[in-house]
Amino acid sequence: MTKHRCGWCVGDPLYEAYHDQEWGVPVYDDDTLFEFLILETFQAGLSWITVLRKRENFREAFDNFDYQKIAKYKQAKIETLLKNEGIIRNKLKVNATVTNAQAFMKIQDEFGSFSKYIWDFVDGKPIKNSIQNYKEAPGNTELSDQISKDLKKRGFKFVGTTVIYAHMQATGMVNDHEVSCFRYNEV
């Protein structure tokens, strides 16, 4: 028997594996939350599969998403990243990664963890939507607008409401699996 998956991932083994194992699973770990946040910022204006195919290259290029190292990147490292053909070489996004690592650590200092900060927006538990078809899922919500605005106020870059909603979906803050998807009740 074939498992029913959300329509957006069907047909690509990498997409299907990501959908089956990661997408929508609640993430409370700061390291993983940072990785997803950075990948989502690089995705802005592109398709998620483009970023997903380069994920391992990003991990290697950005010191396994170690925000403490990234926050200290100097111009020489940034120039090296901009020459790395394995990642998305957008100067503004690369620079924003350094800025976002610094802002991420400030939130940790203030709230004890980034996880506590971000999950407080949903009272620590996922919002479970009832999406019939993935095309019905919103691109943003009032809550993603609010989080985006707060992150920008705290110095983050490339964290528009659509990027933040995608981050909320990826990290399980919101369950937007189709109700007929086998993962809907599992996450």
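Hey, can you tell me all the residues within the stretch 93-116 that are among the hydroxyl-bearing types (Ser, Thr, Tyr) and closer than 30 Å to Cys181 by Cα?
Of everything in the stretch 93-116, just one residue is among the hydroxyl-bearing types (Ser, Thr, Tyr) and closer than 30 Å to Cys181 by Cα, namely Ser115.
Of all helices (runs of 4 or more DSSP H) completely enclosed by the stretch 3-57, which ones contain at least 3 residues that are surrounded by 20 or more Cβ atoms within 10 Å (Cβ to Cβ)?
Answer list for the stretch 3-57: 30-43.
For the stretch 58-70, give me the residue count where each residue is closer than 25 Å to Tyr15 by Cβ and either among the charged types (D, E, K, R) or assigned to a loop (DSSP other than H, G, I, E, B) (or both).
So the count comes out to 3.
Could you go through the stretch 137-151 and let me know if any residue there is under 20 Å from Thr50 (Cβ atoms) and open to solvent by less than 50 Å² (accessible area, probe 1.4 Å).
Yes, the stretch 137-151 contains a residue that is under 20 Å from Thr50 (Cβ atoms) and open to solvent by less than 50 Å² (accessible area, probe 1.4 Å).
Restricting attention to the stretch 161-176, does a residue exist that is open to solvent by 10 Å² or more (accessible area, probe 1.4 Å) and acidic (Asp, Glu)?
For the stretch 161-176, residues open to solvent by 10 Å² or more (accessible area, probe 1.4 Å) and acidic (Asp, Glu): absent.
Taking the stretch 82-126, which residues are among the aliphatic types (A, V, I, L, M) and either surrounded by fewer than 17 Cβ atoms within 10 Å (Cβ to Cβ) or more than 20 Å from the chain's Cα centre (by Cα) (or both)?
Across the stretch 82-126, the qualifying residues are Leu82, Leu92, Val122.
Do we have Phe182 as more than 17 Å from the chain's Cα centre (by Cα) and surrounded by fewer than 17 Cβ atoms within 10 Å (Cβ to Cβ) here?
Yes, satisfied.
The values are calculated or read from the model by the stated rules, or taken from the named source; none is laboratory data. These numbers come from a predicted model, not from an experiment. Don't worry about glycine lacking a Cβ; one is built from the backbone with ideal geometry, like all the others, and counts go over all protein chains shown. SASA here: full protein model, heavy atoms, side chains in, ligands and nucleic acids out. Shrake-Rupley method; radii C 1.70, N 1.55, O 1.52, S 1.80 Å.
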